[in-house]
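Here is the structure we will look at.
Read-outs: derived from the displayed coordinates by stated rules, not from any lab. On a predicted model such as this, the values are computed, not experimentally measured, just so you know. For neighbour counting, all protein chains shown are included, and Cβ atoms are generated from backbone atoms with ideal geometry for every residue, glycine included.
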Amino acid sequence: MWFSPPRELTTRMMTRLPDRFRIAKRNEWTEANMAGATAEAALEGPCFDASGRLYVVDIPFGRIFRIEQDNWALVAHYDGWPNGLKVASDGTLIAADYRRGLMRIDPSAGTAVPLLGTISSEGFKGVNDLTLHPNGAILFTDQGQTGLHDPTGRVWRFWPDGRLDRLIANAPSPNGLVLNRAKTHLYIAMTRSAQIWVFALRDDAVVNKVQCFSQLPGGSGGPDGLAVDSHDRLFICDPGHGCVWVLDAHGEPCFRIVSCAGRVLTNCALAADGRTLVITDASTQSILACEIPPPAV
């Protein structure tokens, strides 16, 4: 990013995964994604329900937690690797699950059922994150193990009537995604190329003029989860640099939010007040928070 250094904001510790939920073991996911290290959990997918309760996922151990202040409750546990998470209009949760595709989770009953597991009987590469459009469509990334060596990651749109549009098919590790405030454009984090792509959405699934909205600094890891606020500022979790970048609607940096805990900031979401950003830190299994100043007049 060729701009003056953005103003630095600090985070505070909001809450941390209680010790009773820290598992400390290895499995297939840790072998592939953590070089075989032991994991206590890997928090991701923060989202709020209509009552202001926060939900997060634990990727390697297939768990969904609900957090109210400092109280953590396990609301679902199933055989999957949930990553992205959103609250649907009916109060259920939709998870982007690397192993199983899109899943619908009922936090009241603790059940998890498949919503979309295949494309014409063929499995996904590895679903990563999702965002919900007001028209009922689910937009989600199919990241798998793609990267600069294999730029074949995909972005899909799943309509309520069951139609499936392949919007992007040449992505170098598509990860987090979010709509702009008007719901007309889609931002996508490309982890391995350290970029944010953006394009206009059309109902007919024709995609053109895909733009590199921002080229982020390289390093050990690229952009992950995304969020947008009411001022169309884009929040970009960057686990490689232990921060969240904040860009305005023109792509110019406003802030750099630094972690008060670990470096692996995986995803973020805005609370109902529109100014408190909550961030999952998968290295310390904590939830961080930051108060975002309004735009300068």
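Measure out, as a whole number of angstrom, how far apart the alpha-carbon centroids of region 50-104 and region 186-217 sit. Going from one Cα centre to the other spans 26 Å.
Simple rule: put +1 on each Lys or Arg Cβ and -1 on each Asp or Glu Cβ in region 64-177, find the dipole, and look at Val127, Gly117, Ala171; the Cα lying farthest toward the positive end is Ala171. The lysines within cross-link reach of Lys86, meaning a Cα-to-Cα straight distance under 18 Å and a gap of 8 or more places when in the same chain, are Lys183. Across the chain, the longest run free of exposed loop sites, meaning chymotrypsin sites (Phe, Trp or Tyr not before Pro) lying outside DSSP classes H, G, I, E and B with no more than 13 other Cβ atoms within 10 Å, spans 4-297. Ordering Phe158, Leu93, Gly218 by Cα displacement along the dipole of the chain toward the positive end leaves Gly218 in first place; charges were set at the Cβ atoms of Lys, Arg (+1) and Asp, Glu (-1). 3J(HN,Hα) along region 217-225, derived from phi through the Karplus expression 6.51 cos²θ - 1.76 cosθ + 1.60 where θ = phi - 60°, amounts to x, x, x, 7, x, x, x, 10, x Hz, with x in place of Gly and Pro. Taking other C-beta atoms within 10 Å as the exposure proxy, Arg7, Arg20 rank Arg20, Arg7 from fewest upward.
One compactness figure for region 84-135 is 1.13, namely its Cα radius of gyration divided by 2.2 N^0.38 Å. Taking other Cβ atoms within 10 Å as a rough exposure proxy, His185, His133 sort from fewest to most as His133, His185.
Along region 177-191 the Karplus relation, 6.51 cos²θ - 1.76 cosθ + 1.60 evaluated at θ = phi - 60°, assigns HN-Hα couplings of 8, 7, 8, 6, 4, 7, 6, 9, 10, 10, 9, 9, 7, 9, 4 Hz to successive residues, with x for each Gly and Pro.
Helix content alone sets the calculated 222 nm mean residue ellipticity of the chain: runs of n ≥ 4 DSSP H residues at -39500 (n - 2.57) each, divided across all residues, give -500 deg cm²/dmol.
Taking the charge dipole of the chain about its Cα centre, with +1 at Lys and Arg Cβ atoms and -1 at Asp and Glu Cβ atoms, the residue from His77, His250, Ala227 reaching farthest to the positive side is His250.
Karplus-derived 3J(HN,Hα) values for region 134-151, using 6.51 cos²θ - 1.76 cosθ + 1.60 with θ = phi - 60°, are x, 7, x, 6, 10, 9, 8, 9, 10, 7, x, 10, 6, x, 4, 6, 8, x Hz; glycine and proline are entered as x. On a per residue basis, the convex hull of the C-alpha atoms belonging to region 27-73 measures out at 71 Å³. Temperature 4 °C, viscosity 1.567 mPa s: under these conditions the Stokes-Einstein estimate for the chain, based on its Kirkwood radius over C-alpha pairs, is 68 µm² per second. Result for the chain in a Gaussian network model with C-alpha springs under 10 Å: among Val246, Val57, Val210, the largest mean-square fluctuation is at Val210. Per the Debye formula on identical point scatterers at the alpha carbon atoms of region 164-228, with no solvent, log10 I(q)/I(0) at q = 0.17, 0.20, 0.22, 0.24 Å⁻¹ is -0.57, -0.77, -0.92, -1.07. In region 113-254 the Cα-Cα distances spread across 10 Å bins starting at 0 as 12, 45, 34, 9, 0 percent of all pairs.
For region 238-297, which trypsin sites (Lys or Arg not before Pro) are in a loop by DSSP, counting at most 15 other Cβ atoms within 10 Å? Answer by residue number: Arg275.
Measuring nothing but how far apart in sequence close Cα pairs (under 8 Å, 6+ apart) lie, relative to its length, the chain scores a relative contact order of 15 percent. Each residue in Thr266, Thr92 was given a count of other beta-carbon atoms within 10 angstrom of its own, and listing them fewest first yields Thr92, Thr266. Charging the Cβ of each Asp and Glu at -1 and of each Lys and Arg at +1, and nothing else, the dipole of region 205-297 about its Cα centre rounds to 160 debye.
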